[in-house]
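Scroll down for the structure; my scribbles are underneath it.
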Amino acid sequence: AGFDLSHLTFVGRGTKTQNKMGGMPVPPSNLISEDAVSVKEFNQLAAKYKISAFVAVMDIGQLNPDAEFAVPFITWMPYHFSKTLASDVYELNAYTAVASLAPSSAKLLRDAVGRHS
């Protein structure tokens with residue numbers, strides 16, 4: 001039988017020029033970098049496809065925090081540094097929650113952000 005995944009929707013991203021997430025067309029945006037995706041784009045997807053929450057697996061810096069999330073957004077992220085950068089703290093504050101890979105990262109992120117991890 002296994003674990004039922006029918007209630008989950010995968011949203012992946014091609015390149016900026018493809019302008020698609022998971023095969024679902026999204027409006028063009030001014031992205032921070034070629035690979036970054038904006039919170040506004042996630043909010044548009046949530047509204048259009050009735051998505052109630054997102055769980056992301058991506059590195060820090062791949063999100064343009066250009067708005068507040070309309071639905072809960074949890075990110076799993078590796079953190080490969082011994083201290084947090086101010087730019088990372090700014091981005092991490094956009095998420096509803098952060099799940100870190102290692103206990104040392106969890107403590108580092110919790111100390112820097114003060115919540116979520």
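The values are calculated or read from the model by the stated rules, or taken from the named source; none is laboratory data. Quick caveat: nothing in here was measured; it's all calculated off a predicted structure. Note that we place each Cβ from the backbone using ideal geometry, even for glycine, and neighbour counts take in every protein chain shown.
Can you tell me which residue within the stretch 72-95, out of those that are surrounded by 15 or more Cβ atoms within 10 Å (Cβ to Cβ) and not aliphatic (A, V, I, L, M), is modelled with the highest pLDDT?
PHE73
Report, by residue number, each residue of the stretch 39-70 that is in contact with a helix residue (DSSP H, G or I) (Cβ under 7 Å, 6 or more places away or on another chain), under 30 Å from SER104 (Cβ atoms) and among the β-branched types (Val, Ile, Thr).
Scanning the stretch 39-70 gives a single hit, ILE60.
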